[in-house]
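The values are calculated or read from the model by the stated rules, or taken from the named source; none is laboratory data. As the structure is a computational prediction, the values presented were derived from the model and not from experiment. Heads up, the Cβs are rebuilt from the backbone with ideal geometry, glycines too, and the neighbour counts pull from every protein chain shown.
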Protein chains: 2
Amino acid sequence: MEKIAQKYLETEPWGIIERGFHKERSLVSESLFSSSNEYAGVRGYFEEGISLPSLRGSYFNGIYDYAKEDTPNAYLGIVKRTHFMVNAMDYFKIFLSVNGVKLDLASSEISDFIRKMDFKTGELTRRFVWHLGESEIKLTFSRFLSMTECHRAYQKIEIESNDSAEVTLSFYLDGNMIQWGRDVYFTNLRKEHRNGTAATFSQTLTTNQKIASFMAVETPIQGTYEELPMGVGLSYDFVIKPGEKVSFRRTIVNLAERNGIFISDLSLSEKGNKELKIATKNGYDKALDANKRYWSEIWKKSDIVIDGDKEDQQGIRFAIFQLEQTYHGFDSRDNIGAKGLTGEAYSGHAFWDSETYCLPYYLFNNPSAAKDLLMFRYFGLEEAKKRALMLDCKGACYPIATLNGKEGCNLWQHASLQFQPSTGVVYGIYHYEKVTGDHDFVLDYGLEMILEIARFLLERGQWNADRSHFGFYGVMGPDEFKMMVNHNTYTNYMAKKTFQYARELLEKYQKDPRTSRVLAKIKMSKDELKRIREAEEKMFILYNPKTKLFEENEGFFGLPHIDIDKIPTIEFPLYSHWSYDRIYRGDMIKQPDVLMFMFLHSAAFTKEQKLANYDFYEPRCIHESSLSPSIHSIFACELGKPKEALSFFAFATRMDLDDYNRNTAEGLHMTSIAAAWMNIVYGFGGLRSDGDCLSINPQLPAVWKSYSFHILYQGNRLKVEVDKKGFLIINQTRRSVVLSVAGKKRKIIRSLSFGK
Amino acid sequence: MEKIAQKYLETEPWGIIERGFHKERSLVSESLFSSSNEYAGVRGYFEEGISLPSLRGSYFNGIYDYAKEDTPNAYLGIVKRTHFMVNAMDYFKIFLSVNGVKLDLASSEISDFIRKMDFKTGELTRRFVWHLGESEIKLTFSRFLSMTECHRAYQKIEIESNDSAEVTLSFYLDGNMIQWGRDVYFTNLRKEHRNGTAATFSQTLTTNQKIASFMAVETPIQGTYEELPMGVGLSYDFVIKPGEKVSFRRTIVNLAERNGIFISDLSLSEKGNKELKIATKNGYDKALDANKRYWSEIWKKSDIVIDGDKEDQQGIRFAIFQLEQTYHGFDSRDNIGAKGLTGEAYSGHAFWDSETYCLPYYLFNNPSAAKDLLMFRYFGLEEAKKRALMLDCKGACYPIATLNGKEGCNLWQHASLQFQPSTGVVYGIYHYEKVTGDHDFVLDYGLEMILEIARFLLERGQWNADRSHFGFYGVMGPDEFKMMVNHNTYTNYMAKKTFQYARELLEKYQKDPRTSRVLAKIKMSKDELKRIREAEEKMFILYNPKTKLFEENEGFFGLPHIDIDKIPTIEFPLYSHWSYDRIYRGDMIKQPDVLMFMFLHSAAFTKEQKLANYDFYEPRCIHESSLSPSIHSIFACELGKPKEALSFFAFATRMDLDDYNRNTAEGLHMTSIAAAWMNIVYGFGGLRSDGDCLSINPQLPAVWKSYSFHILYQGNRLKVEVDKKGFLIINQTRRSVVLSVAGKKRKIIRSLSFGK
């Protein structure tokens, strides 16, 4: 269970730096040096390729396809065809040879290798000297995706040589990308070459989504146009003179059309070439300047400054950088995949993590992006209703894993049994309303989702044998080491809260015409509302007032005990080392379940209750989800266990930088990155956002000298600075705000200092 | 839930007869008219083929192959490649044309169609008149598999015409058999033609099992040899004269070599041609005579005579006929597939049905076959030990579904959670010892299996949280509508009985050297035996002495109630109409579970206990297993509910004849056929074989005038005759036997009459 860091990057406040090429960590670097701008994402692979294991991954948000084979034994309610994010166009690809020798860092002799991702610009650069006989060729590769013009990407290659040398440099747009190391999910439709630019038009296999990519290369050298089976190239042969520096700048435009089936190649060509002209005119440097400005705004409003631990400082900035790269509310049809746009694991799917782990970051930094995340669910409402019907229920059941709103998980034991995505959507709306005060969103979109979800929960839930209580049978809660259990308390409690929120909204907004419009639209009768009310009242919550313990599910307390400290380290992850059924047969838990609903509805529980449940469940938790430690750290902060809080925090910000889980190679743990932010702001910062008003109660971890963070709350921009003397809350908005600070309600006009 | 008969066959005491061709029931007829002899089985398809849906199925016991694709998401313990019985050589295939027109009963104009399977010979005959313009061609097709010489099959075709006609008749051996309507799992190795005979040598795709088929055709007409891609043919062109009758007799020899990889084609050729020569010399009629004698012996010792209901009479004889065709202890590597050798559904796999439902028939009719059924498990011990290891346990875990001893079911929710195959093997040995008194078998083979199974159960079971009791967590009992439950009472009880039987055997035979040999061989320590003892003592049995109810599993009594009478008939089978998860979330049960262990260990429970549990569980049971009604009928007999007993018995003997489940087309319900026998002998006959001595307590169903059955018990052959006046037990052996008759122990020397 012990997690061990695998460090090889330099500790650096505003970026990540690899000095000297670490071949054995090449796949991990590909993930860590990923560039994204929400619209697209490219792993940090080498432009020229490498003869080592490599995942040349390039993805576009919302570009997906369906599995080629049906799920076997797909009984009713089981997803017959999964869908997944497609590994799409490789637009940074090049070929480089000098004196007839192809560059390949697996074997080429090099020195002075340095690779850097700059958090202030998003520019990825790589420099090294290639020793080719007597020749020393200095190479610099730079690239970035535009954060302001999402279709655009830029690439720069600089070559210097101490000797005369013959160089071939080719730039490609290549759709021959291998999915799952196995299949290609693209067909090439057409190639184009005009005025020294090249373009390629491709289409996904069954979803018929189109990707058109265009490129222009700035160079005085005359190029030749080249065609690949799945793409195009522009190739340059030239002789470099000793001491000369040759520079190439490529401008790329990608048009990834989700509904591409309705768009003609011709109109794509027109649009793309026009955009390419503007982008090229604008050029690498100006576009980079725009990125700089963009990131400067981000850091101004969202930076977390830590004094006292350089690794944590780098870690949390990496987290914020990657979160913003992945999602910032550019398009409400986008969501946050478990691996962002940095790999194919989890199929690019978004999970309940979006509302439960990621939403808080956006709520307190970018409310409009937070709203967009919820709008994604509104656009998915029809699919969620279809999914509910597949499960023999009315209402809306949100998918466990999705790109397009449809259920993408073909493991019935998850997709048909887990309802935290649905209750999570309701919690997200509830949370959004509390933090932003945007009631219109709730009435215009939220209420309909909430009522359809409540309707589903009413149908999926059941009354027990003597009809004395209501609850959920045959479910899997957040603790995925329990399957087909009855009365999972997380599910029951969150359903109860869903029913309650629905009832309260209907009462509060009963006179708003939008309320009756929604009720009429979804045909919700008084009788149905009465039944929802009954289910809320009689919801079975397994709680023992003597011990103050919630039972995770019916029978949990009687389960065989598993001493998790006696499980040999080599048996983790258990899915790879234990017989599948064995994982489910004890009191060992995978991630917080009781603690999770106690965190989400923190204000509803006393400190004694939290302590009792933390002390019972924490020793049974093996944290096989990367989201688990942060939640435990937040509890430890609140419960006066600073050492435990720090120990759980230890790898939260650096999960990927130090590859604690040994699977960063597959892509970044994007939602854990969001949990790391929560760990600082909710944990050390003591923020709670589920009560009547926002509360803050910061503490300073022993290992830090000071730290500060920002939050946006109901339109007020606040900065919190914490050091050894105490803390200071600065209201950066010209409007007072009421907060609960260290347990007392306080009105903050300019600032409030505590102990300072 | 109502089952409706689909009658089209004539009611006939010694066979089944179809008068007039029922096109729409053609697939069902293919199943019903199946011929088998344990070694091989052929569905009753038309020799010449038909342009209607048809499953030309021809199978050999033990000839199987592996799936072409891996199971997706095959976590540890989940079977990666399933295996299945291969649709093998078609050796009855012919081609027949008259005046250039091919015979095809889908479209050919025919009259006077009659098809018959004769239970006294196993001969299948089909006669009809083919009207071809003015010509009337009388055709008779006959065929059978030899019951005494299992490699041999015979076919006879007779043609008469009122007119001169040109006939082409070809006889084929064709390996081009379509599995699952999709794939061929054979490759042809070689074809042979010598002295007017033809042969073909084929091999399964990955298991490399060989099938060599040889044929000779008796006819004065000169034939020509023909080759097919996957087989061979002998073809005859001739002109038939008005009034002339032309007859062809084909002798077939099949050598299906399970371990064919080690056998050369040449030795197969030599063996096959030799056998073909003898078989041909013997000829159709002599072979049929041998079959007649064989079946006469079977009926003498195993017939059940029913007076008063011709349909039941036909039904039970069909059951006995098919059971004997499928399995009679010819080879201990054979077992009884759920569909016998009559179809591909259930992959030809044998289930726990073999020991639990089929074994009793053989115990009381053919103890040596019963022993062979158990020897199959002994030969599978090594595979069962491997399977246990796959489940992270020591000992032996017997597969849910198998042909070769390996687990063949890739649904983990069955294969990793159901242990009734393992406890069923132990029960089978226990039952075998009781009925036959063959203690040597127990010591030579049984004990080792029992101890390895006990070892497995000890490992798979767990102690509860406070270690006060032992039991099984995360299991599925016989009621397959409960999944991942804890303390399924069937599993716990049968495991307790396993531990108890193991302990008793070790005590009883402690001085027999074979006992210590086994303990040494399997390295079972005193400590392990002590732990088995503890688990036996502390086995958790959910029983309420007040209500006398056993709880099917922990929490069952609190489950939501499902009123099964309110489920619309069209929603059956539920697997095809309900969302998969929904099936598992209520108190509805699929088949007897508590009642099942109370049946198997009948003597351990009082009538009051049986009544309480019957009254509780029966109304919750939807009988979605074809085995379920018979068990309920047996209880109803014992509990004085003759009407219910009859109603459950109603379709037991005619499940397939009247196609109650609408799936006889896929193959016969072979194990339900065995349950039908139990229904009569255990139900109406009141036989109980789990107590100290065999007990009999017959009653006469109201709809019958009389009935009689035979049993063989510890070497004594007994006949039981029951009529309205009472019953008579005749001891046909010159040795007295002690039975419990109607509740009292009685010694029977010649006969014992009760009320007569």
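Can you confirm whether B:S630 is touching a helix residue (DSSP H, G or I) at 6+ places or on another chain (Cβ under 8 Å), away from chain A (no Cβ under 14 Å), small (G, A, S) and not in a helix (DSSP H, G or I)?
Taking the combined requirement at face value, the residue does not satisfy it.
Quick one: which of B:L458, B:L417, B:L411 is free of Cβ contacts under 8 Å to residues at least 12 places away in the same chain and within 14 Å of chain A (Cβ to nearest Cβ)?
B:L411
Considering each of A:G133, A:G100 in turn, give the residue that is surrounded by fewer than 17 Cβ atoms within 10 Å (Cβ to Cβ), more than 28 Å from the chain's Cα centre (by Cα), among the small types (G, A, S) and within 24 Å of A:G223 (Cβ to Cβ).
A:G100
Tell me which residues, restricted to the stretch B:15-58, are in a strand (DSSP E or B) and over 13 Å from B:A153 (Cβ atoms).
Across the stretch B:15-58, the qualifying residues are B:G15, B:I16, B:I17, B:E18, B:R19.
Any idea which of (1) over 30 Å from A:F572 (Cβ atoms); (2) surrounded by fewer than 24 Cβ atoms within 10 Å (Cβ to Cβ); (3) of a type in the set (D, E) is the one B:E30 doesn't satisfy?
It fails just one condition, (2).
Hey, among A:I50, A:I63, A:I78, which residue is buried (at least 24 other Cβ atoms within 10 Å of the Cβ), out of contact with any Cys (no Cβ under 8 Å at 6 or more places or on another chain), of a type outside the set (F, W, Y) and more than 15 Å from A:D174 (Cα to Cα)?
A:I63
Could you tell me which of the residues B:T207, B:T200, B:T224 is touching a Gly at 6+ places or on another chain (Cβ under 6 Å) and among the hydroxyl-bearing types (S, T, Y)?
So the residue among B:T207, B:T200, B:T224 that is touching a Gly at 6+ places or on another chain (Cβ under 6 Å) and among the hydroxyl-bearing types (S, T, Y) is B:T200.
Please work out which one of (1) closer than 24 Å to A:T498 by Cβ; (2) in a loop (DSSP other than H, G, I, E, B) is the condition A:E624 fails and give its number.
Among (1) closer than 24 Å to A:T498 by Cβ; (2) in a loop (DSSP other than H, G, I, E, B), the lone unmet condition for A:E624 is (1).
Hey, among the residues in the stretch B:514-560 that are within 14 Å of another protein chain (Cβ to nearest Cβ) and of a type in the set (A, V, I, L, M), which one's nearest to B:R467 (Cα to Cα)?
Filtering the stretch B:514-560 for residues that are within 14 Å of another protein chain (Cβ to nearest Cβ) and of a type in the set (A, V, I, L, M), the one nearest to B:R467 (Cα to Cα) comes out as B:A535.
Among the residues of the stretch A:69-117 satisfying the criterion of being assigned to a loop (DSSP other than H, G, I, E, B) and among the hydroxyl-bearing types (S, T, Y), which is nearest to the other protein chains (Cβ to nearest Cβ)?
Top of the filtered list is A:Y75.
Is it the case that the stretch B:529-537 has a residue that's touching a residue at least 60 places away in the same chain (Cβ under 8 Å), over 30 Å from B:Q510 (Cα atoms) and not in a loop (DSSP other than H, G, I, E, B)?
no
Report, by residue number, each residue of the stretch A:59-68 that is in a loop (DSSP other than H, G, I, E, B), away from chain B (no Cβ under 12 Å) and not aliphatic (A, V, I, L, M).
Result: A:N61, A:G62.
Kindly check whether there is at least one residue in the stretch B:658-668 that is within 14 Å of chain A (Cβ to nearest Cβ) and closer than 28 Å to A:Q413 by Cβ.
no
Take the residues of the stretch B:319-343 that are over 16 Å from B:S672 (Cβ atoms) and among the small types (G, A, S): which is farthest from the chain's Cα centre (by Cα)?
B:S332
Looking at A:I562, A:I583, which one is hydrophobic (A, V, I, L, M, F, W, C), modelled with pLDDT of 95 or more and within 28 Å of the chain's Cα centre (by Cα)?
A:I583
Being modelled with pLDDT under 95 and in a loop (DSSP other than H, G, I, E, B), is that true of even one residue in the stretch B:341-352?
yes
Go through the stretch A:563-586 and report how many residues are more than 7 Å from chain B (Cβ to nearest Cβ) and touching a strand residue (DSSP E or B) at 6+ places or on another chain (Cβ under 9 Å).
Qualifying residue count, the stretch A:563-586: 2.
Which of the residues belonging to the stretch B:645-659 are modelled with pLDDT under 95 and either of a type outside the set (D, E) or not in a loop (DSSP other than H, G, I, E, B) (or both)?
B:L646, B:S647, B:F648, B:F649, B:A650, B:F651, B:A652, B:T653, B:R654, B:M655, B:L657
Suppose we keep only residues that are of a type outside the set (S, T, N, Q) and in a loop (DSSP other than H, G, I, E, B) within the stretch B:187-217. Which one would you say is surrounded by the fewest Cβ atoms within 10 Å (Cβ to Cβ)?
Residue satisfying both the conditions and the ranking: B:G196.
Considering the stretch B:367-404 alone, what residues qualify as being of a type outside the set (S, T, Y), crowded, with 21+ Cβ neighbours inside 10 Å and outside any helix (DSSP H, G or I)?
Residues satisfying the conditions are B:G380, B:L391, B:C393, B:G395, B:A396, B:C397, B:P399, B:I400, B:A401, B:L403.
Determine whether A:D440 is outside any strand (DSSP E or B) and in contact with a Lys or Arg (Cβ under 6 Å, 6 or more places away or on another chain).
Judged against the criteria, A:D440 is not a match.
So which pairs qualify, if the first residue must be in the stretch B:1-29 and closer than 30 Å to B:D563 by Cβ, the second must be surrounded by 14 or more Cβ atoms within 10 Å (Cβ to Cβ), the Cβ gap must be under 6 Å, and the two must be at least 6 apart or on different chains?
B:K3/B:F651; B:K3/B:Y660; B:A5/B:D658; B:Q6/B:D658; B:Q6/B:D659
Taking the stretch B:542-555 as the region of interest, how many residues are at negative phi and over 32 Å from the mean Cα position of the chain (by Cα)?
Total meeting the criteria: 8.
For the stretch A:699-756, how many residues meet the condition of being assigned to a loop (DSSP other than H, G, I, E, B) and among the β-branched types (V, I, T)?
Total meeting the criteria: 3.
Let me confirm something: among B:M449, B:M494, which residue is of a type in the set (A, V, I, L, M, F, W, C), more than 14 Å from every other protein chain (Cβ to nearest Cβ), over 30 Å from B:I622 (Cα atoms) and surrounded by 17 or more Cβ atoms within 10 Å (Cβ to Cβ)?
Residue meeting the stated conditions: B:M449.
What tally of residues in the stretch B:375-416 results from selecting those that are over 22 Å from B:I63 (Cα atoms) and in contact with a His (Cβ under 6 Å, 6 or more places away or on another chain)?
Here the count works out to 0.
Which residue pairs have Cβ atoms closer than 8 Å, lie 6 or more positions apart in sequence or on different chains, and pair a first residue in the stretch A:510-526 that is farther than 11 Å from A:E452 by Cβ with a second residue that is surrounded by fewer than 18 Cβ atoms within 10 Å (Cβ to Cβ)?
Qualifying pairs under 8 Å: A:R514/A:D444; A:T515/A:Y509.
Of the residues in the stretch B:660-677, how many are surrounded by 24 or more Cβ atoms within 10 Å (Cβ to Cβ) and modelled with pLDDT of 90 or more?
Count: 10.
Considering only strands (runs of 3 or more DSSP E) fully contained in the stretch A:218-318, which possess at least 2 residues that are touching a residue at least 12 places away in the same chain (Cβ under 8 Å) and within 30 Å of the chain's Cα centre (by Cα)?
Per the criteria, A:245-257, A:305-307.
Find the residue count for the stretch B:177-202, including only residues that are under 26 Å from the mean Cα position of the chain (by Cα) and of a type outside the set (F, W, Y).
Qualifying residue count for the region: 7.
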